[in-house]
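Worksheet: the structure to be examined is printed underneath.
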Amino acid sequence: MNLVRVLMVDDHLMLAEALSARLAEVSELWVVGHCATSDPRLSEVVQRSRPDVIALDVEPAGTATGRLVRQLRETLPSAEIVVLTGIRDVRQAVDAAREGAAAWVRKESSVEELTAVLHGVSRGHNWYPPDLLGPVLRELREDAARAGQRNGPLDVLSDRERDVLSGMVAGKRGAQIAEELLISPETVRTHTRSILAKLQVHSQLEAVSVACAAGLSVDADADR
């Protein structure tokens, strides 16, 4: 079995360290480090440690769970995300799955179960507990159905570009959008240029006008 590099991301650092020590006893796993979920250097830690799997506690993220998972996926696309948390929140589970989290495991799970999931996702498998799997699959099916029905002017935009555009509609500056989306101001500028090109407009004001005419809901997108 191949060695799997694991990064622990959890605000409860003492628990993360204790679990890391237990996982270190598993010969096929290598815990390459741990970092707080709220650490502003999280992306740097991920890039430096280059894990195969990121074990992530989403409890501190709350409604920003989807954005956090997306940030990690964009930082290191090759890494799989395993949510390792003590909570059962259907909305957070759906948001995590929507943004590409491969698994959801509760902290009270045994080391053997966690080890099996970590190895499984490294081979392309997915795992959600039965009580969350139903709502997650239902939401993803509805997403697919909505995607098949799209024909509006904003449908050329990616989800992240829609997030940036929502911030523009709300009158936020680039730095504030970057902070809320957990991306850099330069990334916001890149998305903004892409938005203008895709919408075939020449200014942010025109882009906002198109978004408002298309009925872009700032509140709905902000909570996604």
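Every read-out reported here was derived from the displayed coordinates using simple, explicitly stated rules and does not represent laboratory data. Everything quoted here is computed from the prediction, not taken from an experiment. Ideal geometry is used to build each Cβ from the backbone, glycine not excepted, and the neighbour counts take in all protein chains shown.
More than 27 Å apart: what percent of Cα pairs in the chain qualify?
On the way: 9328 of 24976 pairs.
Above the 27 Å cut-off, the chain has 37 percent of its Cα pairs.
R0 = 22 Å: FRET efficiency of ASP131 with LYS107, Cβ-based, nearest 0.05? Present the calculation step by step, with values, prior to reporting the outcome.
On the way: r = 16 Å, r/R0 = 0.72.
That pair, ASP131 with LYS107, gives E of 0.90.
For the range 153-222, the spread of Cα positions along the three principal axes, ordered from largest to smallest, is 26, 24, 19 Å. With contributions of -39500 (n - 2.57) from each DSSP H run of at least four residues, the per-residue ellipticity at 222 nm computed over the chain stands at -16000 deg cm²/dmol.
Extending 7 Å from Cα along the Cβ direction at ARG193 and again at SER209 yields two label points whose distance is 2.4 nm.
Between GLU180 and ARG50, the distance separating the two model label sites (each 7 Å from Cα on the Cα→Cβ line) works out to 3.6 nm.
When only C-alpha pairs under 8 Å and at least 6 residues apart count, what is the relative contact order of the chain, in percent?
Across the chain, relative contact order equals 15 percent.
Distance from the Cα centroid of the range 161-209 to that of the range 86-137 is 32 Å (rounded to whole angstrom).
Report the gain in length on full extension from LEU3 to LEU15: 0.36 nm times residue separation, minus Cα-Cα distance, nm rounded to one decimal. Please list the in-between numbers first.
Values: separation 12, 0.36 × 12 = 4.32 nm, distance 2.31 nm.
Extending this stretch completely gives an extra 2.0 nm.
If R0 equals 25 Å, the separation of the Cβ atoms of VAL156 and ASP39 corresponds to a calculated FRET efficiency of about 0.10. Relative to the longest principal axis of the Cα atoms of the chain, helix 204-213 runs at roughly 90 degrees.
Between the helical axis of 13-23 and the longest alpha-carbon principal axis of the chain there is an angle of about 50 degrees. Report note on the peptides 26-34, 160-168, 8-16: ranked by the mean count of other C-beta atoms within 10 Å, highest first, their order is 160-168, 8-16, 26-34. The modelled label-to-label distance between GLN200 and GLU74, using points 7 Å beyond Cα along the C-beta direction, is 2.7 nm.
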